[in-house]
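Below is one structure, written out as structure tokens; the observations come after it.
The values are calculated or read from the model by the stated rules, or taken from the named source; none is laboratory data. If you're wondering where the values come from, they're calculated on a predicted model, not measured in any experiment. So basically every Cβ, Gly included, is an ideal-geometry build from the backbone, and we count neighbours across all protein chains shown.
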Amino acid sequence: MTFLRGAASSSSAVLAIYTLLVAIFQPAIIEVQSLSPSPAPAPAPTSDGTSIDQGIAYVLMLVALVLTYLIHPLNS
């Protein structure tokens, strides 16, 4: 029975020391976390969609040109 009392008081002492250390160092830990740099904002988009539209237009013009030259010899 004496052994159990010793173990209980030992774990209580460890818990008290841990609680005291957390209470002492918690403000410092929070301060360090708040001083860390925040993540950089996302970069601005490099395209507003006009280059994509222009690329689609070039592809469609190329398809029209190829179809024109494929169909033209059939009519002659």
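When we screen Pro43, Pro37 for residues that are at pLDDT 80 or above, within 33 Å of the chain's Cα centre (by Cα) and assigned to a loop (DSSP other than H, G, I, E, B), the only hit is Pro43. Within the stretch 55-68, is even one residue loosely packed, with under 10 Cβ neighbours inside 10 Å and modelled with pLDDT under 85? No, the stretch 55-68 contains no residue that is loosely packed, with under 10 Cβ neighbours inside 10 Å and modelled with pLDDT under 85. Residues considered: Ala28, Ala7, Ala13, Ala23. Of these, the only one that is surrounded by 10 or more Cβ atoms within 10 Å (Cβ to Cβ), modelled with pLDDT of 75 or more and part of a helix (DSSP H, G or I) is Ala13.
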